[in-house]
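To start, the structure itself, in structure tokens.
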Amino acid sequence: MQRILVANGPNLNLLGTRQTEVYGHTTLQTIEDLCRTHGETLGQTVTHMQSNHEGALIDAIHAARGTQDGIVLNAGAFTHTSVALMDAISSAEVPVVEVHLSNIHAREAFRHKSYIARVAIGQICGFGAQSYVLALEALAAHLAEGHTG
Ligand code: CA2
């Protein structure tokens, strides 16, 4: 089984409750359930974490070293600001797929820059909850090819 951590950053705990015109009606719980069940079909054991705190996300990435085979990361607004998260990913030696619900490249200019993209194996954005499913698929293929870090 591939061990996959799905990590969500700030404000994503509010999904489905506010700003539904931007982020839709799907709750984070629904996304977590979707990832767990889809992961099972891919031979993945999916665990979840969400935090509004940069340090907690960094700790989770550090803890993934040697305990997870891959990470699906929606770093939320930290995507566009956090050199510290980028450095944590560099040091973890665990492949990361960056995901976003919205198409960050079609939004405000400040969302076009991603520090995560520099250290992720790839980025999937704009497909709502399906972005996470696509990221699990991408990790399954990447890991099956024998890639590790
Ligand atoms: O599209 C995405 O997944 C984002 O990572 C979402 C972040 C945003 O800062 C990124 O640019 C793109 C924001 C998440 C905030 O989520 C909320 C959900 C409901 C209500 C309020 C915020």
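Only the coordinates and a few stated rules stand behind these numbers; no lab work does. Just so we're clear, the structure is a prediction, and the values are computed from it rather than from any experiment. As a convention, Cβ positions derive from the backbone with ideal geometry for all residues, glycine included, and neighbour counts pool all protein chains shown.
Of note:
- Sites matching trypsin sites (Lys or Arg not before Pro) across the range 1-109 that sit in DSSP coil, with at most 11 neighbouring C-beta atoms within 10 Å: Arg18
- Net length gained if the chain between Met1 and Glu108 were fully extended (0.36 nm per residue, minus Cα distance): 34.6 nm
- For the pair Thr148 and Arg118, label points projected 7 Å from Cα toward Cβ lie 2.6 nm apart.
- Shape category assigned to the range 51-129 from the gyration tensor of Cα positions, a/c cut at 1.5: prolate
- Global geometry of the range 1-82, whether rounded, prolate or oblate, following the gyration tensor of its Cα atoms and the 1.5 cut on a/c: oblate
- Gaussian network model of the chain, Cα within-10 Å springs - most flexible of Val119, Val99, Val72: Val119
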